[in-house]
Amino acid sequence: MPSDPAIVRQPEPQLDPRIPAHVGVIMDGNGRWAQARGKPRTEGHIEGVNALRRMVELCIRYGVAHLTVFSFSSENWTRPKDEINFIFSLLRRFVASDLQKLIAHNVRVRIIGSRQGLEDSLRRLIDDVEAKTAHNTGLNLHVAFNYGGKAEITEAVRHIAGEVAAGRLRPADITEGTIERALYTCGIPDPDVIIRTSGEQRVSNFLLWQGAYSELVFVDENWPDFDEETFLRVLDEYALRERRFGGVEVARR
Ligand code: FPP
């Protein structure tokens, strides 16, 4: 976090219009980072949280409006129970140690993902974090936790089908907007760029609908090693991309 909260309330003027408004991150490689150092995988996740703090600070400094990070996927339930418990405990610890700083730096936090399968105490914690930061107007930090793109779309379809069955919606009136409003990310702009660390080149069920036109940038660093130098490299790569959104003209938005 920057030491001076004023940095957040009066962000540096966005001199470079090529800064993406919304950055998504698949934070991959925590386990490999740890294993390469002869440490338990949990150490990699701890360093992963430090890298997340760095990323929040970078997004604030460079004027990124939205940051979405993939911190626990619906598919991560297949990991050993101890590791799952550890990642859950990290979310609790992150909130306990960083919530006041996030509030001081005007960060709005939202947790996107399924609430099903989460303990009541964790749900209350999530509600509390969202409520306490709801009025902040700086960086929007979206933590994808117990998140899966297919599950998100399935939940949206179920909701819309319910509206149709209840007679409140006609099938002919279903638009892309209807679906977008039923997603966890309702009201959040689509990511301009999705970064994946650790050299893997997959989307892995992250923001499937929202990422339809996102630029994908893959970096070799494991997530715990992601720093300002890597971030600047990603911005350079993003600046080189021509975004056409299915059209023919070069578009920047
Ligand atoms: C990917 O590394 C990382 C995860 C599945 C968990 C990510 C969690 C954090 C960075 C911290 C969580 C932060 C909060 C706020 C909960 P991996 O374990 O898949 O690494 P590997 O592919 O090298 O095994």
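Output the DSSP H helices from the chain with an along-axis C-alpha extent of no less than 15 Å and a mean Kyte-Doolittle hydropathy no less than 0.0. Helices meeting the span and hydropathy rule in the chain are 81-104, 149-165.
What does DSSP give for the chain in terms of the percent of beta bridges that are antiparallel, rounded to the nearest 5? The antiparallel proportion sits near 5 percent.
Plainly put, segment 141-184 has a radius of gyration that is 1.05 times its Kirkwood radius, both from alpha-carbon atoms, as the Rg/Rh ratio.
Full extension from residue 88 to residue 242: what is 0.36 nm times the residue separation minus their Cα-Cα distance, to one decimal in nm? Let's see the in-between values first.
Values: separation 154, 0.36 × 154 = 55.44 nm, distance 3.88 nm.
Extending this stretch completely gives an extra 51.6 nm.
Residue separation times 0.36 nm, minus the C-alpha to C-alpha distance between residue 180 and residue 104: what's the value? Each step should come with its number before you reach the end.
On the way: separation 76, 0.36 × 76 = 27.36 nm, distance 3.11 nm.
The span from residue 180 to residue 104 would gain 24.3 nm if fully extended.
The three principal axes of the C-alpha atoms in segment 51-137 carry coordinate ranges of 37, 24, 21 Å, sorted with the longest axis first.
Send over the semi-axes of segment 26-73's equivalent ellipsoid, whole angstrom and largest first, taken as the square roots of 5 times the C-alpha gyration tensor eigenvalues. Mind dumping the intermediate values first?
On the way: eigenvalues 116, 25, 10 Å².
Over the Cα atoms of segment 26-73, the semi-axes work out to 24, 11, 7 Å.
Fully extending the segment from residue 169 to residue 225 would add 15.3 nm, taking 0.36 nm per residue of separation and subtracting the current Cα-Cα distance.
Can you compute the helix-only [θ] at 222 nm over the chain? Use -39500 (n - 2.57) per DSSP H run of at least 4 residues, normalise by all residues, nearest 500 deg cm²/dmol. Don't skip to the end; give the middle numbers.
On the way: 8 runs with 107 residues, N = 253.
My calculation for the chain gives -13500 deg cm²/dmol from helical runs alone.
Indicate the gyration tensor shape class of the chain (rounded, prolate or oblate), computed on the Cα atoms with a ≥ b ≥ c the square roots of the eigenvalues: a/c under 1.5 is rounded; otherwise a/b larger than b/c is prolate and the rest oblate.
Details: a/c = 1.37, a/b = 1.13, b/c = 1.22.
Judged from the Cα gyration tensor, the chain comes out rounded (a/c under 1.5).
Placing unit charges on the Cβ atoms of the charged side chains and taking the dipole of the chain about its Cα centre, the candidate lying farthest along the positive direction among 188, 248, 218 is 188. Quarter the surface of the alpha carbon convex hull of segment 118-253 and you get the mean projected area, 11.6 square nanometres. Calculated on the Cα set of segment 79-190, radius of gyration then Dmax: 16.5, 49 Å.
Comparing 40, 171, 224 in a Gaussian network model of the chain (Cα springs below 10 Å), the most mobile by mean-square fluctuation is 171. Rounded to the nearest 20 debye, the dipole size of the chain about its Cα centre is 520 debye, using +1 on the Cβ of Lys and Arg and -1 on the Cβ of Asp and Glu.
Beyond 15 Å, how much of the Cα-Cα pair distribution for segment 180-253 remains, as a whole percent? Working shown, then result.
Numbers: 1658 of 2701 pairs.
Cα-Cα pairs of segment 180-253 separated by over 15 Å account for 61 percent.
Read the figures in this text as sums done on the coordinates, not as results from a lab. Small disclaimer: the values here were computed from a predicted structure and weren't measured. Cβ coordinates were reconstructed from backbone atoms using ideal geometry, including for glycine residues, and neighbour counts include every protein chain displayed.
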